[in-house]
Amino acid sequence: MTGLSRRTALRLAALWLAAHQIGGVSLAAVDVRSDPFTLGVASGDPQPDGFVLWTRLIGLEAVGAAVRWEVASDERFTRIVRRGTSVASPALGHSVHVEVTGLLPDRAYFYRFRVGGAASGVGRVRTAPHPDARLASARFAVACCQQWEHGWFNAYRDLVAQDPRLVLFLGDYIYERRSGAAPFVREFGAPQPTDLASYRARHALYKSDADLQAAHAACAWAVTWDDHEVSNDYAGATPSDPESDAIFRARRAGAYQAYFEHMPIRPSALMTQGETRLYRTLGLGQLADLHVLDGRQYRDALACPGAPIRGGRALSDCAELNADRTFLGRAQENWIASAYGARAVAWDVIANPALFDPVDLALEDRPTHWSDFWDGYPVAQARMQSVFADKPDARALILTGDLHSWWAFETPPAADAPRTATEFVFGSLASRPPRASLFGDDIQRRNPHLRHMNLEGTGYGLVDLSLTDAVIQLRIMDATNPKISTAVTRTKFTVDRVTASVST
Ligand SMILES: [Fe+2]
(Lines give C-alpha, C1' and ligand atoms only; values in the text may rest on other atoms or scores of the structure.)
Protein backbone atom coordinates (compact mmCIF):
# COMPACT_ATOMS: atom_id res chain seq x y z
CA MET A 1 0.00 0.00 0.00
CA THR A 2 1.56 3.27 -1.13
CA GLY A 3 1.47 6.39 1.01
CA LEU A 4 -0.79 4.94 3.68
CA SER A 5 0.44 2.86 6.63
CA ARG A 6 -1.38 -0.32 7.53
CA ARG A 7 -2.23 1.18 10.92
CA THR A 8 -3.74 4.28 9.31
CA ALA A 9 -5.64 2.18 6.83
CA LEU A 10 -7.07 -0.02 9.59
CA ARG A 11 -8.10 3.03 11.57
CA LEU A 12 -9.83 4.46 8.51
CA ALA A 13 -11.53 1.14 7.90
CA ALA A 14 -12.72 0.99 11.51
CA LEU A 15 -14.13 4.49 11.28
CA TRP A 16 -15.80 3.74 8.00
CA LEU A 17 -17.24 0.49 9.25
CA ALA A 18 -18.53 2.16 12.38
CA ALA A 19 -20.40 4.54 10.12
CA HIS A 20 -21.69 1.90 7.73
CA GLN A 21 -22.31 -1.20 9.91
CA ILE A 22 -21.62 -3.72 7.19
CA GLY A 23 -19.38 -6.31 8.85
CA GLY A 24 -15.66 -7.05 8.78
CA VAL A 25 -13.22 -6.00 6.10
CA SER A 26 -9.49 -6.50 6.00
CA LEU A 27 -7.36 -4.13 4.02
CA ALA A 28 -4.40 -5.27 1.99
CA ALA A 29 -1.88 -3.74 -0.32
CA VAL A 30 -3.36 -3.43 -3.77
CA ASP A 31 -1.58 -5.25 -6.52
CA VAL A 32 -1.98 -2.92 -9.46
CA ARG A 33 -0.45 -5.08 -12.15
CA SER A 34 -3.90 -4.79 -13.72
CA ASP A 35 -5.89 -1.54 -13.82
CA PRO A 36 -8.51 -1.59 -11.01
CA PHE A 37 -10.45 1.32 -12.61
CA THR A 38 -11.69 -0.37 -15.79
CA LEU A 39 -15.34 0.36 -14.90
CA GLY A 40 -14.71 4.10 -15.05
CA VAL A 41 -15.83 6.90 -12.76
CA ALA A 42 -19.10 8.74 -12.22
CA SER A 43 -20.70 11.57 -10.29
CA GLY A 44 -24.28 12.11 -9.25
CA ASP A 45 -26.98 14.03 -7.39
CA PRO A 46 -25.33 17.48 -7.40
CA GLN A 47 -26.10 19.78 -4.47
CA PRO A 48 -25.12 23.46 -4.13
CA ASP A 49 -22.08 22.44 -2.05
CA GLY A 50 -21.11 19.06 -3.47
CA PHE A 51 -22.05 15.79 -5.14
CA VAL A 52 -21.53 12.04 -4.98
CA LEU A 53 -18.44 10.51 -6.58
CA TRP A 54 -18.42 6.87 -7.63
CA THR A 55 -16.04 4.20 -8.80
CA ARG A 56 -15.74 0.45 -8.32
CA LEU A 57 -12.44 -1.41 -8.11
CA ILE A 58 -11.97 -4.60 -10.10
CA GLY A 59 -9.66 -7.52 -9.23
CA LEU A 60 -9.45 -7.23 -5.42
CA GLU A 61 -11.04 -10.56 -4.39
CA ALA A 62 -11.77 -10.81 -0.65
CA VAL A 63 -9.84 -7.84 0.71
CA GLY A 64 -10.70 -4.19 0.94
CA ALA A 65 -8.64 -1.20 -0.16
CA ALA A 66 -8.21 2.41 0.86
CA VAL A 67 -9.00 4.57 -2.16
CA ARG A 68 -7.82 8.16 -2.28
CA TRP A 69 -9.93 10.75 -4.09
CA GLU A 70 -9.22 14.31 -5.18
CA VAL A 71 -11.46 17.17 -6.35
CA ALA A 72 -9.87 20.09 -8.20
CA SER A 73 -11.14 23.27 -9.77
CA ASP A 74 -8.99 22.66 -12.86
CA GLU A 75 -8.58 19.69 -15.15
CA ARG A 76 -4.82 19.39 -14.50
CA PHE A 77 -5.37 19.16 -10.71
CA THR A 78 -3.10 22.09 -9.90
CA ARG A 79 -5.78 23.52 -7.57
CA ILE A 80 -7.04 20.67 -5.42
CA VAL A 81 -9.94 21.83 -3.24
CA ARG A 82 -10.95 18.58 -1.50
CA ARG A 83 -9.27 15.22 -0.97
CA GLY A 84 -9.87 12.20 1.20
CA THR A 85 -9.72 8.43 1.56
CA SER A 86 -12.59 5.98 1.29
CA VAL A 87 -12.62 2.23 1.88
CA ALA A 88 -13.66 -0.08 -0.95
CA SER A 89 -15.12 -3.07 0.85
CA PRO A 90 -15.74 -6.54 -0.62
CA ALA A 91 -19.16 -6.52 1.09
CA LEU A 92 -20.18 -3.77 -1.35
CA GLY A 93 -18.34 -5.14 -4.37
CA HIS A 94 -15.39 -2.76 -3.82
CA SER A 95 -17.60 0.13 -4.83
CA VAL A 96 -16.74 3.63 -3.61
CA HIS A 97 -19.39 6.28 -2.91
CA VAL A 98 -17.94 9.58 -1.71
CA GLU A 99 -20.20 12.44 -0.56
CA VAL A 100 -18.16 15.57 -1.25
CA THR A 101 -19.26 18.76 0.52
CA GLY A 102 -17.93 22.26 1.16
CA LEU A 103 -17.75 23.35 -2.50
CA LEU A 104 -19.04 26.47 -4.26
CA PRO A 105 -22.44 26.47 -6.02
CA ASP A 106 -22.81 26.23 -9.81
CA ARG A 107 -19.11 25.55 -10.46
CA ALA A 108 -17.36 22.95 -12.58
CA TYR A 109 -15.02 20.57 -10.74
CA PHE A 110 -12.80 17.67 -11.75
CA TYR A 111 -12.18 14.48 -9.79
CA ARG A 112 -10.13 11.28 -9.86
CA PHE A 113 -9.32 8.30 -7.65
CA ARG A 114 -6.04 6.57 -6.78
CA VAL A 115 -5.25 3.22 -5.25
CA GLY A 116 -1.76 1.82 -4.91
CA GLY A 117 0.09 3.25 -7.90
CA ALA A 118 -2.98 3.29 -10.15
CA ALA A 119 -5.02 6.36 -11.05
CA SER A 120 -8.51 6.49 -12.50
CA GLY A 121 -9.62 8.59 -15.43
CA VAL A 122 -10.76 12.15 -14.72
CA GLY A 123 -14.43 13.04 -14.38
CA ARG A 124 -16.11 16.43 -14.61
CA VAL A 125 -19.10 17.56 -12.54
CA ARG A 126 -20.94 20.79 -11.82
CA THR A 127 -22.42 21.66 -8.44
CA ALA A 128 -26.05 22.76 -8.34
CA PRO A 129 -26.85 26.47 -8.12
CA HIS A 130 -27.67 28.03 -4.75
CA PRO A 131 -31.38 27.47 -3.99
CA ASP A 132 -32.07 31.22 -4.28
CA ALA A 133 -30.08 31.72 -7.51
CA ARG A 134 -32.06 33.24 -10.39
CA LEU A 135 -30.65 30.76 -12.88
CA ALA A 136 -31.89 31.91 -16.32
CA SER A 137 -31.51 28.60 -18.10
CA ALA A 138 -30.29 25.04 -17.70
CA ARG A 139 -29.75 22.16 -20.11
CA PHE A 140 -30.00 18.55 -19.16
CA ALA A 141 -30.26 15.31 -21.10
CA VAL A 142 -32.74 12.47 -20.62
CA ALA A 143 -31.95 8.84 -21.42
CA CYS A 144 -33.42 5.41 -20.69
CA CYS A 145 -33.66 1.81 -21.89
CA GLN A 146 -30.33 0.45 -23.08
CA GLN A 147 -30.63 -3.16 -24.20
CA TRP A 148 -27.01 -4.30 -24.61
CA GLU A 149 -27.78 -6.82 -27.33
CA HIS A 150 -30.07 -4.54 -29.34
CA GLY A 151 -27.82 -1.57 -29.96
CA TRP A 152 -24.58 0.30 -29.47
CA PHE A 153 -24.54 3.17 -27.00
CA ASN A 154 -23.08 5.68 -29.46
CA ALA A 155 -25.93 8.15 -28.86
CA TYR A 156 -23.97 9.07 -25.72
CA ARG A 157 -21.27 10.59 -27.94
CA ASP A 158 -23.81 13.04 -29.32
CA LEU A 159 -25.19 13.63 -25.81
CA VAL A 160 -21.75 14.54 -24.44
CA ALA A 161 -21.20 16.93 -27.37
CA GLN A 162 -24.37 18.81 -26.35
CA ASP A 163 -22.74 19.61 -22.99
CA PRO A 164 -25.66 19.02 -20.58
CA ARG A 165 -25.09 19.85 -16.92
CA LEU A 166 -26.83 16.63 -15.89
CA VAL A 167 -28.05 13.35 -17.35
CA LEU A 168 -31.38 12.18 -16.05
CA PHE A 169 -31.65 8.41 -16.43
CA LEU A 170 -35.20 7.08 -16.28
CA GLY A 171 -34.68 3.34 -15.96
CA ASP A 172 -33.75 0.10 -17.72
CA TYR A 173 -30.06 0.88 -17.27
CA ILE A 174 -29.33 -2.84 -17.58
CA TYR A 175 -31.47 -5.55 -19.11
CA GLU A 176 -31.62 -8.88 -17.37
CA ARG A 177 -32.22 -11.07 -20.39
CA ARG A 178 -32.40 -11.45 -24.12
CA SER A 179 -35.51 -10.26 -25.91
CA GLY A 180 -36.48 -10.44 -29.55
CA ALA A 181 -34.79 -12.40 -32.31
CA ALA A 182 -31.32 -12.26 -33.85
CA PRO A 183 -29.41 -10.43 -35.20
CA PHE A 184 -27.93 -8.84 -32.08
CA VAL A 185 -25.09 -6.31 -32.18
CA ARG A 186 -23.36 -8.07 -29.21
CA GLU A 187 -24.23 -10.64 -26.57
CA PHE A 188 -24.64 -10.72 -22.79
CA GLY A 189 -22.52 -13.89 -22.73
CA ALA A 190 -24.26 -15.02 -19.53
CA PRO A 191 -27.70 -16.25 -18.51
CA GLN A 192 -30.28 -14.12 -16.72
CA PRO A 193 -28.88 -12.98 -13.34
CA THR A 194 -30.44 -14.50 -10.23
CA ASP A 195 -28.33 -13.24 -7.33
CA LEU A 196 -25.96 -10.46 -6.21
CA ALA A 197 -22.92 -11.95 -7.96
CA SER A 198 -24.63 -12.32 -11.32
CA TYR A 199 -26.29 -8.86 -11.19
CA ARG A 200 -22.85 -7.43 -10.31
CA ALA A 201 -21.41 -9.11 -13.38
CA ARG A 202 -24.19 -7.71 -15.59
CA HIS A 203 -23.62 -4.16 -14.31
CA ALA A 204 -19.86 -4.57 -14.78
CA LEU A 205 -20.46 -5.65 -18.38
CA TYR A 206 -22.46 -2.47 -18.98
CA LYS A 207 -19.85 -0.28 -17.34
CA SER A 208 -17.24 -1.69 -19.75
CA ASP A 209 -18.90 0.23 -22.61
CA ALA A 210 -16.65 3.15 -23.60
CA ASP A 211 -19.49 5.47 -24.68
CA LEU A 212 -21.39 4.90 -21.43
CA GLN A 213 -18.22 5.49 -19.39
CA ALA A 214 -17.54 8.73 -21.27
CA ALA A 215 -21.07 9.99 -20.58
CA HIS A 216 -20.66 9.27 -16.86
CA ALA A 217 -17.30 11.06 -16.81
CA ALA A 218 -18.70 14.11 -18.66
CA CYS A 219 -21.27 15.27 -16.08
CA ALA A 220 -23.35 14.27 -13.08
CA TRP A 221 -26.19 11.79 -13.47
CA ALA A 222 -29.44 11.54 -11.53
CA VAL A 223 -30.73 8.00 -11.86
CA THR A 224 -33.83 5.98 -11.17
CA TRP A 225 -34.77 2.49 -12.22
CA ASP A 226 -37.62 0.72 -13.96
CA ASP A 227 -38.23 -3.03 -14.17
CA HIS A 228 -35.26 -4.48 -16.08
CA GLU A 229 -32.79 -3.59 -13.34
CA VAL A 230 -34.42 -6.62 -11.68
CA SER A 231 -36.89 -8.47 -13.92
CA ASN A 232 -39.44 -7.63 -16.61
CA ASP A 233 -42.70 -6.09 -15.32
CA TYR A 234 -42.22 -6.96 -11.66
CA ALA A 235 -44.37 -4.97 -9.24
CA GLY A 236 -43.10 -4.40 -5.70
CA ALA A 237 -42.48 -7.85 -4.24
CA THR A 238 -44.40 -9.64 -7.01
CA PRO A 239 -42.53 -11.15 -9.98
CA SER A 240 -44.15 -11.39 -13.40
CA ASP A 241 -42.32 -14.64 -14.17
CA PRO A 242 -43.57 -17.91 -12.71
CA GLU A 243 -41.11 -18.03 -9.81
CA SER A 244 -41.91 -18.12 -6.11
CA ASP A 245 -42.26 -14.83 -4.25
CA ALA A 246 -39.52 -15.95 -1.80
CA ILE A 247 -37.02 -16.65 -4.59
CA PHE A 248 -37.95 -13.36 -6.22
CA ARG A 249 -37.48 -11.38 -2.99
CA ALA A 250 -33.91 -12.72 -2.62
CA ARG A 251 -33.21 -12.03 -6.29
CA ARG A 252 -34.59 -8.48 -6.01
CA ALA A 253 -32.41 -7.78 -2.95
CA GLY A 254 -29.31 -8.87 -4.90
CA ALA A 255 -30.32 -6.76 -7.90
CA TYR A 256 -30.95 -3.70 -5.70
CA GLN A 257 -27.58 -3.98 -4.01
CA ALA A 258 -25.75 -4.46 -7.33
CA TYR A 259 -27.56 -1.37 -8.64
CA PHE A 260 -26.41 0.66 -5.64
CA GLU A 261 -22.86 -0.60 -6.08
CA HIS A 262 -22.73 0.68 -9.67
CA MET A 263 -24.52 4.02 -9.46
CA PRO A 264 -23.42 7.46 -8.22
CA ILE A 265 -26.07 7.62 -5.51
CA ARG A 266 -25.68 8.52 -1.85
CA PRO A 267 -24.55 5.83 0.61
CA SER A 268 -27.68 6.63 2.60
CA ALA A 269 -29.74 5.32 -0.35
CA LEU A 270 -28.79 1.77 0.64
CA MET A 271 -31.29 1.02 3.38
CA THR A 272 -31.67 -2.05 5.52
CA GLN A 273 -34.01 -4.94 4.66
CA GLY A 274 -33.34 -4.88 0.93
CA GLU A 275 -34.67 -1.37 0.28
CA THR A 276 -32.76 1.15 -1.82
CA ARG A 277 -34.22 4.66 -1.47
CA LEU A 278 -34.26 6.36 -4.86
CA TYR A 279 -37.01 8.96 -4.55
CA ARG A 280 -35.56 12.37 -3.84
CA THR A 281 -35.55 16.04 -4.98
CA LEU A 282 -32.62 17.85 -6.60
CA GLY A 283 -32.76 21.64 -6.90
CA LEU A 284 -31.72 23.92 -9.79
CA GLY A 285 -31.88 27.31 -8.07
CA GLN A 286 -35.19 29.07 -8.63
CA LEU A 287 -35.47 27.51 -12.06
CA ALA A 288 -36.55 24.00 -11.11
CA ASP A 289 -36.94 21.26 -8.58
CA LEU A 290 -36.29 17.83 -10.01
CA HIS A 291 -38.32 15.11 -8.29
CA VAL A 292 -37.03 11.61 -9.01
CA LEU A 293 -39.66 8.88 -8.64
CA ASP A 294 -39.34 5.15 -8.00
CA GLY A 295 -42.24 3.45 -9.80
CA ARG A 296 -41.28 -0.18 -9.08
CA GLN A 297 -40.17 -0.88 -5.55
CA TYR A 298 -43.33 -0.03 -3.63
CA ARG A 299 -46.16 -0.59 -6.10
CA ASP A 300 -49.00 -3.04 -5.54
CA ALA A 301 -49.18 -6.12 -7.78
CA LEU A 302 -50.51 -5.58 -11.30
CA ALA A 303 -54.30 -5.70 -11.62
CA CYS A 304 -55.99 -8.70 -13.23
CA PRO A 305 -52.78 -10.51 -14.15
CA GLY A 306 -52.57 -13.35 -16.64
CA ALA A 307 -51.06 -16.77 -15.90
CA PRO A 308 -48.42 -18.08 -15.74
CA ILE A 309 -46.80 -14.76 -16.82
CA ARG A 310 -48.13 -11.99 -14.58
CA GLY A 311 -46.70 -9.05 -16.57
CA GLY A 312 -48.27 -6.00 -18.16
CA ARG A 313 -51.20 -6.43 -20.57
CA ALA A 314 -54.09 -4.52 -22.07
CA LEU A 315 -57.13 -4.45 -19.79
CA SER A 316 -60.66 -3.43 -20.72
CA ASP A 317 -62.70 -5.20 -18.08
CA CYS A 318 -61.04 -5.43 -14.65
CA ALA A 319 -62.91 -4.51 -11.47
CA GLU A 320 -59.65 -4.55 -9.51
CA LEU A 321 -58.68 -1.30 -11.25
CA ASN A 322 -61.28 0.49 -9.10
CA ALA A 323 -59.62 -0.64 -5.86
CA ASP A 324 -57.45 1.75 -3.87
CA ARG A 325 -54.05 0.49 -4.99
CA THR A 326 -50.75 2.34 -4.97
CA PHE A 327 -48.14 2.92 -7.68
CA LEU A 328 -45.54 4.77 -5.58
CA GLY A 329 -46.28 3.28 -2.16
CA ARG A 330 -47.90 5.37 0.56
CA ALA A 331 -44.68 6.89 1.92
CA GLN A 332 -43.52 8.05 -1.51
CA GLU A 333 -47.02 9.36 -2.33
CA ASN A 334 -46.96 11.46 0.84
CA TRP A 335 -43.45 12.65 0.03
CA ILE A 336 -44.29 13.84 -3.52
CA ALA A 337 -47.51 15.47 -2.32
CA SER A 338 -45.45 17.74 -0.06
CA ALA A 339 -42.32 18.05 -2.26
CA TYR A 340 -44.29 19.05 -5.37
CA GLY A 341 -44.65 22.83 -5.59
CA ALA A 342 -42.92 23.26 -2.23
CA ARG A 343 -40.58 25.95 -3.53
CA ALA A 344 -41.33 28.95 -5.76
CA VAL A 345 -39.57 27.51 -8.79
CA ALA A 346 -40.55 27.84 -12.45
CA TRP A 347 -40.71 24.08 -13.06
CA ASP A 348 -41.36 20.99 -11.00
CA VAL A 349 -39.70 18.36 -13.17
CA ILE A 350 -40.86 14.80 -12.50
CA ALA A 351 -38.48 11.98 -13.44
CA ASN A 352 -41.04 9.26 -14.03
CA PRO A 353 -40.12 5.74 -15.16
CA ALA A 354 -43.50 4.59 -16.62
CA LEU A 355 -46.24 6.39 -18.58
CA PHE A 356 -48.23 8.72 -16.33
CA ASP A 357 -50.98 10.03 -18.63
CA PRO A 358 -54.10 7.96 -19.19
CA VAL A 359 -54.00 6.40 -22.66
CA ASP A 360 -56.76 4.41 -24.27
CA LEU A 361 -54.74 1.99 -26.40
CA ALA A 362 -57.66 1.80 -28.87
CA LEU A 363 -57.33 -1.97 -29.21
CA GLU A 364 -61.03 -2.72 -28.66
CA ASP A 365 -64.35 -0.92 -29.10
CA ARG A 366 -64.26 -0.04 -25.40
CA PRO A 367 -61.36 1.74 -23.67
CA THR A 368 -58.30 -0.44 -23.07
CA HIS A 369 -55.44 0.45 -20.74
CA TRP A 370 -52.00 -1.06 -20.13
CA SER A 371 -51.77 -2.58 -16.66
CA ASP A 372 -48.04 -1.88 -16.11
CA PHE A 373 -48.39 1.91 -16.57
CA TRP A 374 -49.90 4.38 -14.08
CA ASP A 375 -53.08 3.47 -16.02
CA GLY A 376 -53.03 0.15 -14.16
CA TYR A 377 -53.36 2.13 -10.92
CA PRO A 378 -56.05 4.68 -11.83
CA VAL A 379 -56.92 5.61 -8.23
CA ALA A 380 -53.26 6.49 -7.53
CA GLN A 381 -53.05 8.22 -10.93
CA ALA A 382 -56.02 10.43 -9.97
CA ARG A 383 -54.41 11.21 -6.60
CA MET A 384 -51.28 12.36 -8.45
CA GLN A 385 -53.39 14.54 -10.78
CA SER A 386 -54.85 16.11 -7.62
CA VAL A 387 -51.35 16.83 -6.34
CA PHE A 388 -50.78 18.86 -9.51
CA ALA A 389 -54.23 20.51 -9.46
CA ASP A 390 -53.95 21.50 -5.79
CA LYS A 391 -50.91 23.67 -6.56
CA PRO A 392 -51.99 25.65 -9.65
CA ASP A 393 -49.01 28.01 -9.44
CA ALA A 394 -46.58 25.12 -9.88
CA ARG A 395 -45.94 23.61 -13.29
CA ALA A 396 -45.21 19.93 -13.74
CA LEU A 397 -42.92 18.77 -16.54
CA ILE A 398 -43.15 14.98 -16.51
CA LEU A 399 -40.29 13.15 -18.21
CA THR A 400 -40.95 9.48 -18.85
CA GLY A 401 -39.11 6.43 -20.15
CA ASP A 402 -40.06 2.77 -20.71
CA LEU A 403 -42.00 2.96 -23.98
CA HIS A 404 -39.09 2.79 -26.46
CA SER A 405 -40.94 5.43 -28.48
CA TRP A 406 -41.56 9.17 -28.44
CA TRP A 407 -44.78 10.76 -27.12
CA ALA A 408 -46.02 14.15 -25.85
CA PHE A 409 -49.13 14.91 -23.79
CA GLU A 410 -50.95 17.86 -22.31
CA THR A 411 -52.55 16.83 -19.05
CA PRO A 412 -55.07 16.26 -17.56
CA PRO A 413 -56.98 14.80 -20.52
CA ALA A 414 -60.36 16.39 -19.72
CA ALA A 415 -60.79 19.38 -22.05
CA ASP A 416 -62.65 21.42 -19.41
CA ALA A 417 -60.05 20.90 -16.62
CA PRO A 418 -57.28 23.47 -16.13
CA ARG A 419 -54.06 22.20 -17.64
CA THR A 420 -51.46 21.42 -14.98
CA ALA A 421 -48.70 19.48 -16.68
CA THR A 422 -47.08 18.23 -19.83
CA GLU A 423 -45.57 14.80 -20.23
CA PHE A 424 -42.83 13.78 -22.65
CA VAL A 425 -41.96 10.14 -23.23
CA PHE A 426 -38.42 9.61 -24.52
CA GLY A 427 -37.46 6.74 -26.79
CA SER A 428 -34.82 4.21 -25.91
CA LEU A 429 -31.11 4.80 -26.04
CA ALA A 430 -30.58 1.35 -27.55
CA SER A 431 -33.61 -0.94 -27.05
CA ARG A 432 -35.76 -1.93 -30.02
CA PRO A 433 -39.00 0.01 -30.55
CA PRO A 434 -42.34 -1.67 -29.71
CA ARG A 435 -44.55 -3.47 -32.18
CA ALA A 436 -46.99 -1.00 -33.74
CA SER A 437 -49.76 -3.55 -33.11
CA LEU A 438 -49.64 -2.74 -29.38
CA PHE A 439 -51.54 0.43 -30.26
CA GLY A 440 -54.76 0.73 -32.27
CA ASP A 441 -55.01 2.86 -35.43
CA ASP A 442 -57.48 5.12 -33.69
CA ILE A 443 -55.18 6.00 -30.79
CA GLN A 444 -54.71 9.68 -31.60
CA ARG A 445 -58.41 10.37 -32.14
CA ARG A 446 -59.30 8.55 -28.91
CA ASN A 447 -56.70 10.49 -26.91
CA PRO A 448 -56.97 14.18 -27.85
CA HIS A 449 -54.46 15.12 -25.11
CA LEU A 450 -51.83 13.09 -27.03
CA ARG A 451 -49.96 15.73 -29.03
CA HIS A 452 -47.23 13.62 -30.60
CA MET A 453 -46.46 9.97 -31.19
CA ASN A 454 -43.51 8.43 -33.04
CA LEU A 455 -42.75 4.73 -32.71
CA GLU A 456 -39.45 4.82 -34.58
CA GLY A 457 -35.84 5.58 -33.77
CA THR A 458 -33.48 5.39 -30.81
CA GLY A 459 -31.70 8.28 -29.13
CA TYR A 460 -32.25 10.55 -26.16
CA GLY A 461 -33.80 13.88 -25.17
CA LEU A 462 -32.38 17.33 -24.56
CA VAL A 463 -34.27 19.68 -22.24
CA ASP A 464 -33.52 23.42 -22.08
CA LEU A 465 -35.39 25.07 -19.23
CA SER A 466 -35.90 28.81 -18.90
CA LEU A 467 -38.11 30.81 -16.55
CA THR A 468 -40.78 31.15 -19.25
CA ASP A 469 -40.61 27.99 -21.33
CA ALA A 470 -39.07 24.56 -21.78
CA VAL A 471 -37.64 23.44 -25.10
CA ILE A 472 -37.51 19.69 -25.59
CA GLN A 473 -35.54 18.17 -28.46
CA LEU A 474 -35.94 14.55 -29.49
CA ARG A 475 -32.43 13.58 -30.62
CA ILE A 476 -32.75 10.54 -32.85
CA MET A 477 -29.97 8.43 -34.34
CA ASP A 478 -29.60 7.40 -37.96
CA ALA A 479 -30.75 3.77 -37.82
CA THR A 480 -29.47 3.02 -41.32
CA ASN A 481 -25.87 3.59 -40.30
CA PRO A 482 -25.15 2.71 -36.66
CA LYS A 483 -21.52 3.81 -37.03
CA ILE A 484 -22.66 7.44 -37.26
CA SER A 485 -22.67 8.89 -33.74
CA THR A 486 -24.43 12.13 -34.54
CA ALA A 487 -28.10 12.40 -33.72
CA VAL A 488 -30.51 14.81 -35.38
CA THR A 489 -33.31 16.77 -33.73
CA ARG A 490 -36.29 14.99 -35.27
CA THR A 491 -38.86 17.01 -33.31
CA LYS A 492 -38.56 20.10 -31.14
CA PHE A 493 -41.29 21.14 -28.70
CA THR A 494 -41.77 24.33 -26.74
CA VAL A 495 -43.83 24.22 -23.55
CA ASP A 496 -45.26 27.49 -22.31
CA ARG A 497 -44.90 27.62 -18.53
CA VAL A 498 -48.09 29.60 -17.92
CA THR A 499 -50.49 27.64 -20.13
CA ALA A 500 -48.76 24.21 -20.00
CA SER A 501 -49.35 23.95 -23.75
CA VAL A 502 -47.09 22.11 -26.19
CA SER A 503 -46.19 23.58 -29.58
CA THR A 504 -43.80 22.36 -32.26
FE1 LIG B 1 -37.05 -0.54 -21.52
**Message:** Quick check on the range 337-375: of everything there that is surrounded by fewer than 22 Cβ atoms within 10 Å (Cβ to Cβ) and part of a helix (DSSP H, G or I), which residue is nearest to the chain's Cα centre (by Cα)?
**Reply:** Ala339
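Residue-wise test of (1) in a loop (DSSP other than H, G, I, E, B); (2) surrounded by fewer than 23 Cβ atoms within 10 Å (Cβ to Cβ); (3) within 16 Å of the ligand (Cβ to nearest atom).
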{"position": "Ala380", "(1), (2), (3)": "no, yes, no"}
{"position": "Ser386", "(1), (2), (3)": "no, yes, no"}
{"position": "Ala414", "(1), (2), (3)": "yes, yes, no"}
{"position": "Pro418", "(1), (2), (3)": "yes, yes, no"}
{"position": "Ser428", "(1), (2), (3)": "yes, no, yes"}
{"position": "Gly457", "(1), (2), (3)": "yes, yes, yes"}
**Request:** Test Ala190 against the criterion of being without any contact (Cβ under 8 Å) to a residue 40 or more places away in the chain and farther than 30 Å from Asp469 by Cα, and give yes or no.
**Result:** yes
**Cross-chain or 6+ apart pairs with Cβ under 6 Å, the range 120-142 first and assigned to a loop (DSSP other than H, G, I, E, B), then among the polar types (S, T, N, Q) and at pLDDT 95 or above** = Ser120/Thr55; Ala128/Gln47; Arg134/Gln286
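Let me confirm something: among Arg11, Arg7, Arg76, Arg68, which residue is outside any loop (DSSP other than H, G, I, E, B), at pLDDT 90 or above and among the basic types (Lys, Arg)?
Exactly one residue qualifies, and that residue is Arg68.
Going by the structure shown, is Ala337 farther than 28 Å from Leu315 by Cβ and either away from the ligand (no atom under 16 Å from the Cβ) or among the β-branched types (Val, Ile, Thr) (or both)?
For Ala337, the condition - farther than 28 Å from Leu315 by Cβ and either away from the ligand (no atom under 16 Å from the Cβ) or among the β-branched types (Val, Ile, Thr) (or both) - is not met.
For the range 399-412, how many residues meet the condition of being away from the ligand (no atom under 16 Å from the Cβ) and either without any contact (Cβ under 8 Å) to a residue 24 or more places away in the chain or buried (at least 24 other Cβ atoms within 10 Å of the Cβ) (or both)?
Total satisfying the criteria: 1.
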**Request:** Would you check if Leu302 is over 18 Å from the mean Cα position of the chain (by Cα) and either within 16 Å of the ligand (Cβ to nearest atom) or under 22 Å from Phe426 (Cβ atoms) (or both)?
**Result:** no
**Message:** Cβ-Cβ distance below 9 Å, separation of 6 or more or different chains: which pairs start in the range 422-449 with a residue that is without any contact (Cβ under 8 Å) to a residue 24 or more places away in the chain and end on one that is within 16 Å of the ligand (Cβ to nearest atom) and part of a loop (DSSP other than H, G, I, E, B)?
**Reply:** Arg435/Leu455; Ala436/Leu455
**Request:** From the list Arg310, Arg299, pick out the single residue that is assigned to a loop (DSSP other than H, G, I, E, B) and modelled with pLDDT under 95.
**Result:** Arg310
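The values are calculated or read from the model by the stated rules, or taken from the named source; none is laboratory data. Since this is a predicted model, take the numbers as computed values, not measurements. Quick reminder, even Gly has a Cβ in these numbers, built from the backbone with ideal geometry, and neighbours come from all protein chains shown.
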